[in-house]
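The values are calculated or read from the model by the stated rules, or taken from the named source; none is laboratory data. These figures come from a predicted structure and were not determined experimentally. Note: ideal-geometry Cβ built from the backbone for every residue, glycine included; neighbour counts use all protein chains shown.
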Amino acid sequence: MNELHQTIFKKADKAIEHAKDYELVFSKPDSTLNKELFEFIHFEQLCCPWLKFQVSFEPGNGPVSLKLGDSAETKEMVNLVMDLDKLRPVK
C-alpha cells in the first residue's frame, strides 16, 4: 500500500485544497494511472470505508483528478495520513 501511495503521489502535479476535501490533479496521465488509482481506492476502502472518493476524467488524454474526503474531519485525516503537504498545494 505504501508503494502505491508513493507511486500515485509522485504522478500528481498538485493537490488542491477545498473546504471539505483534497483534489489530486494528474495533468499528464500515463497508461498505468487508471489501474493504480482504482487499486489505491480499493485498498483505502478496506481501512477507511467511510472515506469518499471521486475520480474525474477530462476528454481525450486530458487531466485526471481524484478527490478524497467529504468533511473537515476527513480532510484533516487525509492530509496527515497521506502527506499531501509534500505536493505543491494550490488553494
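Observations on the model:
- Count of the stretch 1-24 residues, restricted to those that are β-branched (Val, Ile, Thr), over 15 Å from Gly69 (Cα atoms) and touching a strand residue (DSSP E or B) at 6+ places or on another chain (Cβ under 9 Å), is 1.
- Looking across the stretch 38-60, the residues that are part of a loop (DSSP other than H, G, I, E, B) and touching a strand residue (DSSP E or B) at 6+ places or on another chain (Cβ under 8 Å) come down to Leu51, Lys52, Glu58.
- Output for the stretch 1-13, where each listed residue is touching an Asp or Glu at 6+ places or on another chain (Cβ under 9 Å) and either buried (at least 16 other Cβ atoms within 10 Å of the Cβ) or at pLDDT 90 or above (or both): Ile8, Phe9, Lys11
- Among the residues of the stretch 23-44, those identified as under 20 Å from Glu73 (Cα atoms) and either in contact with a Gly (Cβ under 6 Å, 6 or more places away or on another chain) or modelled with pLDDT of 90 or more (or both) are Glu23, Leu24, Ile41.
- Of residues in the stretch 61-91 being under 22 Å from Lys28 (Cβ atoms) and in a loop (DSSP other than H, G, I, E, B), the one modelled with the highest pLDDT: Pro63
- Residue selected from the stretch 31-63 under the condition of a type in the set (D, E, K, R) and touching a helix residue (DSSP H, G or I) at 6+ places or on another chain (Cβ under 7 Å), by the criterion farthest from Lys10 (Cα to Cα): Glu39
- Checked across the stretch 12-29, the condition of being free of Cβ contacts under 8 Å to residues at least 12 places away in the same chain and of a type outside the set (Lys, Arg) holds for no residue.
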